[in-house]
Amino acid sequence: MVSQFISPDAVNLLGDLKFNFPEGTQAVGRLDNHSEGLLILTTNKKIHRLLFLSEKPHKRTYLILVRNKMSHESIQQLREGVSIKIKGGQMYTTLPCDVEVVDKPSDLADSIFAYDEGIPHTWLTISLTEGKYHQVRKMLAILKHPVRRLIRISIEDLILENLKPGDVMELEEKEFFEKLKIG
């Protein structure tokens, strides 16, 4: 699914979900069409600025399946910052981030996503406070660990929890702002 309501292309859109979105609803912190997970939809036009353009950085956490076993050195490189190519072809060193190797999440066992367990791989969580275009994928590609699956599991204290693809959860504004640590 594409993180938008209209597109000139024949793709699945947010408007295809079985939910009556209010007029003016927009996606904040979009996901590319190869990623999945938590997506904020709101009619409040200030949310993007408060989350991603404020002086206070906001943490986003991803659960990621990468090809090959990651070495301690590669994990440390991710934690310290990796040089990636950004818009305009410039090199940019990412800010330090939190990285942890995790066991395969049990709730993904029933997932429609199939991956051959016989192929060497690593599951990790990465928490970062910046979001360059395809940053996580670029960071891991530089270290020779192509991303096989990328799931945004949280933005600050707003957590995906047990929501299934296509599910929508509504929050009162006060709770929404508290979980995102904005105000």
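Readers should treat all values here as calculations from the given coordinates under stated rules, not as data from a laboratory. Quantities reported herein were computed from a predicted structural model and do not represent experimental measurements. Please note: Cβ atoms are built from the backbone with ideal geometry, for glycine as well, and neighbour counts cover all protein chains shown.
Please identify, among Val82, Val66, Val11, the residue showing maximal mean-square fluctuation in a Gaussian network model of the chain using a 10 angstrom Cα cutoff. Highest fluctuation among the options: Val11.
Its Cα centre serving as origin, region 1-89 has a Cβ charge dipole (Lys and Arg +1, Asp and Glu -1) of approximately 300 debye. Comparing Arg152, Arg49, Arg30 in a Gaussian network model of the chain (Cα springs below 10 Å), the most mobile by mean-square fluctuation is Arg49. Only helical runs count toward this figure. For the chain, summing -39,500 (n - 2.57) over DSSP H runs of n ≥ 4 and dividing by all residues gives -4500 deg cm²/dmol at 222 nm. Suppose R0 equals 25 Å. What FRET efficiency, 1/(1 + (r/R0)^6) with r the Cβ-Cβ distance, do Thr93 and Asn33 give to the nearest 0.05? Plugging the Cβ-Cβ distance into 1/(1 + (r/R0)^6) gives 0.35.
Once divided by 2.2 N^0.38 Å, the Cα radius of gyration of region 1-98 becomes 1.36. When the alpha-carbon atoms of region 120-183 are used, the pair Rg, Dmax equals 14.7, 44 angstrom. Rounded if a/c is under 1.5, else prolate if a/b is larger than b/c, else oblate: which is region 40-183, with a ≥ b ≥ c the root eigenvalues of its Cα gyration tensor? Because a/c hits 1.5 or more and a/b fails to exceed b/c, region 40-183 counts as oblate. Of the residues Asn12, Asn162, Asn33, the one that moves most in a GNM of the chain with alpha-carbon contacts below 10 Å is Asn162.
The order of the peptides 173-180, 128-135 by mean Cβ neighbours within 10 Å, most packed first, is 128-135, 173-180. Separation of region 1-69 from region 133-155 is 16 Å, based on Cα centroids. Comparing region 57-96 with the 2.2 N^0.38 Å rule of thumb, its C-alpha radius of gyration ratio is 1.37 (two decimals). When the C-alpha to C-alpha distance is required to be over 32 Å, the pairs from Lys18/Lys59; Lys59/Lys85; Lys18/Lys144; Lys18/Lys56 that qualify are Lys18/Lys144; Lys18/Lys56.
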